[in-house]
Amino acid sequence: MEKSQKRLIMFMPSMDGGGVEKNLIIVANYLVNKNFNVILITYDTKFNSRFNNKIKILNVTKNKKKKHSKYFKYYKCLLILIKTCLSNSNFLVLSFQANIYCAILSKLFKYKLIIRSNTSPSGWSKSIIKNLIFRIFFKNLNNIIVNSYEFKRELKIKFNLNSKVIYNPLNIFEIVKKSKQKIKLKFFNQERILKIINVARLTKQKDHITLLKALKLISNKINYRLLIMGYGPEKNNIQKFIKASSLSKNVKLIGFQNNPYKYIKESDLLILSSLYEGLPNVILEAITLKKFVISSNCPTGPNEILMKGQFGMLFKTQNHIELSKKILEFNNNRNKYNKISKKSFKSLSRFDYKINCEKYYQLILKSFD
């Protein structure tokens, strides 16, 4: 079979603008230039413009304002995948989301499937049903891609599954270029303040409350401003906590931004307080812009990126007291830690855009044979 005949279906029903979507866009655009016939199945249209126009996008809805639950989007997109299966069996599916459902369908319709698992099993493996389905349907997949070696070890220990590590492709050129765009943000335009940024979906997984508790604890010790970027179901709870803790003057929520890099560039410090991750892109992006990082030592990713604390600080998940101490430590020794930020930039070669995209290409090419 010629390369031009190889049909690759990329499956991502719900696109909310997080790290997974960034990786999907980067990988899809790379693969379509490798002569694959790339088809993307997704629900919404809001990110269509970021894909190469050679990619055929099958959207369920044309209404950008209409909102549906994640599982409704799964259902609708899975129907499209089933129709594709019934009309043509000559394709391979690369799934970035709803992996369990795609695995079940691959058994029924006998198509080749590679899944890209995004978040540590620590975040979802407490479900007995999910565990059982995972063990049954993931045994004989063509391949499972994970984005950190810690993640790979977890899958092996918990499910006896082998997986392939491919780091998130990091496009340094694009990040630096976009970071140069000017912003007007009076919130950060003050002298002698510690400018902190958090870029994450407003969900329980990201645990913004621990970050806010830490800052409340040291509000009388430092002059700071925290900018929270993102949207999600926890927005109201976060706003209530900010108000109840008298943090409104120091903390600002600005919602999702298409270009977070220009805001990261204006900050002094990025803090990630997640309960679990896969390999958080935002840490890589902050290091690209030579910003210091304090992150929870959650499974998986931060410890691996920061090389066990060589290139940033790590704190125990949900431990706001430890986090508060590390914020004070950074604030009192900024010159020391800014030098570390510059050294950490050199460690990003592991995440090189071309190297990791090529790993996707080679793995997919072998899976067709």
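Lys/Arg Cβ at +1, Asp/Glu Cβ at -1, dipole of the chain taken about the Cα centre: which of Leu170, Ile218, Ile129 is farthest positive-ward?
Result: Ile218, furthest along the dipole toward the positive end.
Please identify which residues in the range 93-110 have an amide N closer than 11 Å to a label point set 7 Å out from the Cα of Lys76, following the Cα→Cβ vector.
none
Sketch the reach of a paramagnetic label on Lys164 as a point 7 Å from Cα along Cα-to-Cβ, and name the residues of the range 330-369 whose backbone nitrogen lies under 14 Å away.
356-369
Over the chain, calculate the relative contact order: mean separation of alpha carbon pairs under 8 Å at least 6 apart, over the residue count, as a percent.
16
Anyone know which of Asn59, Asn236, Asn142 comes out most mobile in the 10 Å Cα GNM of the chain?
Asn236
Work out how much length Lys62 to Glu329 would gain on full extension: take 0.36 nm times their residue separation and subtract the Cα-Cα distance, in nm to one decimal.
91.2 nm
Mind listing the phi-derived Karplus ³J(HN,Hα) values for the range 210-216, rounded to whole Hz, using 6.51, -1.76 and 1.60 with θ = phi - 60°, and x for any glycine or proline?
Once rounded to whole Hz, the list reads 4, 4, 5, 4, 4, 6, 4.
Mind listing the long-range amide H neighbours of Leu194? Cut-off is under 5 Å, sequence gap 5 or more, other chains count too, H placed in the peptide plane at 1.01 Å from N.
For Leu194, whose amide H was placed from the backbone, the distant partners under 5 Å are Asn223, Tyr224, Arg225.
Determine the dipole magnitude for the chain: charges of +1 sit on the beta-carbon of Lys and Arg, -1 on that of Asp and Glu, nothing else is charged, the reference point is the Cα centre, and the result goes in debye to the nearest 20.
680
Leu272's amide H: which non-local residues (gap 5+, or another chain) put their own amide H closer than 5 Å, with H modeled 1.01 Å from N in plane and none for Pro or chain starts?
Placed amide hydrogens put Ile294, Ser295, Ser296 under 5 Å from Leu272.
Taking the Cα-to-Cβ direction at Arg50 and at Asn90 and moving 7 Å from each Cα, how far apart do the two end points lie in nm?
The answer from the label model is 3.3 nm.
What does the extension gain come out to for Lys249 and Gln310, with contour length at 0.36 nm per residue minus their alpha carbon separation?
Net length gain for the segment: 18.6 nm.
Taking the radius of gyration and the Kirkwood hydrodynamic radius from Cα positions alone, what is the Rg/Rh ratio for the chain, to two decimal places?
0.97
With a 10 Å cut-off between alpha carbons and a GNM built on the chain, which of Ile128, Ile100, Ile355 moves the most?
Per the Cα network of the chain with a 10 Å cutoff, Ile128 tops the list.
Given labels modelled 7 Å from the Cα in the Cβ direction, how far is it in nm from Leu132 to Ile340?
4.6
For the range 234-343, what does the relative contact order come out to in percent, with C-alpha contacts under 8 Å and a separation of six or more?
21
In debye to the nearest 20, how big a dipole does the range 1-152 give about its Cα centre with +1 on each Lys and Arg Cβ and -1 on each Asp and Glu Cβ?
Magnitude of the dipole: close to 340 debye.
The numbers here are math on the coordinates, done by the rules we state, and not lab data. Quantities reported herein were computed from a predicted structural model and do not represent experimental measurements. With ideal geometry, Cβ positions are generated from the backbone for all residues, glycine too; neighbour counts draw on all protein chains shown.
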